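For reference, the structure discussed in these notes is given below.
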Amino acid sequence: MDFLQLAEHVAETLDIGPGTRVFEVNCGDGAFLLPLHQNGYIVGGIDGDPDAIERAIESMPDGLFQAGMASALDPAVPWDVVVWRSFAAAADLDSMRGLMARMFAKATHAIAILDVPDERRAWMLHALAEIGAHAIQFETTPTASTMVNVFARV
């Protein structure tokens, strides 16, 4: 699934449309956000690679991007939807639980956590329930049956 298809799928699953504010954790150069931006969404993100953030700003100058680690995610600045596409690379579950809690606090509509190893499904369900998520939805990713995408309403 390319970024256009993935962005459309996330938007459809979360029932969002143009004008929605979508923030991505570990956004890199903004490739996932670009199709949303081109369709009238307000986009922003954070990433630890300043060069990647510069590329995101170049392609989406009106986006709100910042260089910084995911652990610096500020929940005091709200966004409608917060997306995290790099859970599979996460090593420390306690840190990941903290990041999920900050994502949930930042989001006013929903969060999406993509490419979660299926063996983390029970852990993810428990962690989301602890932070107060509603309407939690798991779906097997189209690219790997050992991975799931997780959507939850605030």
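Things worth noting here:
- Equivalent ellipsoid dimensions for the stretch 1-90 as semi-axes, Å, which come from the Cα gyration tensor, largest first: 18, 14, 13
- As computed over the chain, the Cα convex hull volume per residue (Å³): 98 Å³
- 13 Å cut-off, amide nitrogen to a point 7 angstrom out along E139 Cα→Cβ, residues in the stretch 91-126: 112-115
- Rel. contact order, % - alpha carbon contacts under 8 angstrom, at least six apart, the chain: 19 percent
Every number in this text was worked out from the coordinates using simple rules, so none of it is lab data. Because the structure is a prediction, the values reported are computed rather than measured. Please note: Cβ atoms are built from the backbone with ideal geometry, for glycine as well, and neighbour counts cover all protein chains shown.
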